[in-house]
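Undergrad: Next up is a structure, given as structure tokens.
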Amino acid sequence: MQHNSDLHRMLDWLSHAPPIDSIARSLALEYLASYKPIQTGLWHLSQNGTCVCIGQYGGDESQVGLSYSSVEWRALKPVGGLVLTADKDNVMTWSLDKEFVVINLYARGVIIGFLSIRFAKALTAQANLKRDATNCSRAISLYLSLRYHEKFDSNPSTLNEEKEERQLSQRQLAILRGLSDEKTNRQISEELGYSVSTIRHETMRIYEILKVSDRFEAAVVGRRLSFI
């Protein structure tokens with residue numbers, strides 16, 4: 001499906017650890033270009049509640065690097081109120097005029113940041129954007145989570161050392177490819193000829209070896225280390 005290939009394309013790009021300030025620009029000019037956004041912003045929320053704009057495209061880009069206290073960013077219009085009304089099941093929230101949307105970013109159920117997108121006029125293709133917004137949220141959420149925990153070192157020598165430390169068996173590599181293709185345990189089982197319980201057991205071993213917590217993270221780390 002096209003939206004899956006778009007997600008994989010974004011994951012491949014993020015797995016090479018692009019500069020953080022290039023993400024907002026790429027969202028506007030590539031991944032969300034068909035919706036014609038005129039301004040995009042990438043914001044990171046710290047554990048103490050402060051918020052920093054770490055990337056912006058369009059406008060005067062004057063907010064990049066600015067830090068807002070918990071009270072200050074919640075008061076930002078229209079950003080603050082929209083962030084607080086979204087949830088994991090519907091990661092995006094619209095302004096009343098439908099010209100501005102916020103896409104929340106999550107890590108293990110906790111908001112770690114958000115994307116802000118402004119359009120020149122009210123957007124009518126909101127259903128399609130919901131699908132793409134979910135993909136953006138998943139990919140960039142993981143990127144921020146890994147980057148801020150220093151797991152996204154793109155230095156070749158470091159990657160080689162990490163790859164040596166995280167060796168997977170041929171069976172685990174085959175299962176990892178299935179996870180990357182978003183196949184269910186049963187589909188992987190039927191394809192590889194192993195029982196579902198074996199697939200489930202090996203999947204947990206893959207998580208342990210790659211030091212991740214779910215299929216999505218396993219796919220990204222697997223791509224970064226050239227396992228898939």
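The values are calculated or read from the model by the stated rules, or taken from the named source; none is laboratory data. As the structure is a computational prediction, the values presented were derived from the model and not from experiment. Positions of Cβ are generated from backbone atoms using ideal geometry, with glycine treated the same way; all protein chains shown enter the neighbour counts.
Undergrad: Just wondering, is there one or more residues in region 33-44 that are within 23 Å of Arg131 (Cβ to Cβ) and over 20 Å from the mean Cα position of the chain (by Cα)? Even if it seems obvious, please write down each step before you answer.
TA: Filtering region 33-44 for residues within 23 Å of Arg131 (Cβ to Cβ) gives 33-43.
When the remaining residues are screened for being over 20 Å from the mean Cα position of the chain (by Cα), the result is 36, 38.
Looking through region 33-44, at least one residue is within 23 Å of Arg131 (Cβ to Cβ) and over 20 Å from the mean Cα position of the chain (by Cα).
Undergrad: Working only within region 37-58, note down all residues that are in contact with a Lys or Arg (Cβ under 9 Å, 6 or more places away or on another chain) and either among the aromatic types (Phe, Trp, Tyr) or under 15 Å from Ala120 (Cβ atoms) (or both).
TA: Answer for region 37-58, where residues must be in contact with a Lys or Arg (Cβ under 9 Å, 6 or more places away or on another chain) and either among the aromatic types (Phe, Trp, Tyr) or under 15 Å from Ala120 (Cβ atoms) (or both): Pro37, Ile38, Gln39, Thr40, Tyr57, Gly58.
Undergrad: Also: When region 170-218 is examined, which residues are found to be under 22 Å from Arg9 (Cα atoms) and either among the polar types (S, T, N, Q) or assigned by TED's automatic domain parsing to the domain that holds Leu11 (or both)?
TA: Within region 170-218, Ser180, Thr184, Ser213 meet the criteria.
Undergrad: Read through the list (1) buried (at least 19 other Cβ atoms within 10 Å of the Cβ); (2) closer than 18 Å to Ala139 by Cα, then give the number of the only condition that Pro37 fails.
TA: Going through the list (1) buried (at least 19 other Cβ atoms within 10 Å of the Cβ); (2) closer than 18 Å to Ala139 by Cα, Pro37 breaks only (2).
Undergrad: Right, another one. Within the set of pairs 6 or more residues apart or between chains, which connect a residue that is touching a residue at least 40 places away in the same chain (Cβ under 8 Å) and assigned by TED's automatic domain parsing to the domain that holds Phe119 inside region 88-104 to a residue that is surrounded by 16 or more Cβ atoms within 10 Å (Cβ to Cβ) and hydrophobic (A, V, I, L, M, F, W, C) with Cβ atoms less than 7 Å apart?
TA: Pairs found: Val91/Ile103; Val91/Ala133; Met92/Ala86; Met92/Val101; Met92/Val102; Met92/Ile103; Met92/Ala133.
Undergrad: Okay, next question. So, in region 96-126, exactly how many residues are over 17 Å from Gln56 (Cβ atoms) and either crowded, with 17+ Cβ neighbours inside 10 Å or at pLDDT below 85 (or both)?
TA: Looking only at that region, the number is 12.
Undergrad: Look at region 79-100 and say how many of its residues are part of a loop (DSSP other than H, G, I, E, B) and under 11 Å from Ile117 (Cα atoms). Before you say what the answer is, go through the steps one by one.
TA: Initial filter on region 79-100 (part of a loop (DSSP other than H, G, I, E, B)): 86, 88-89, 91, 95-99.
Narrowing the set further to residues that are under 11 Å from Ile117 (Cα atoms) leaves 95, 98-99.
Total meeting the criteria: 3.
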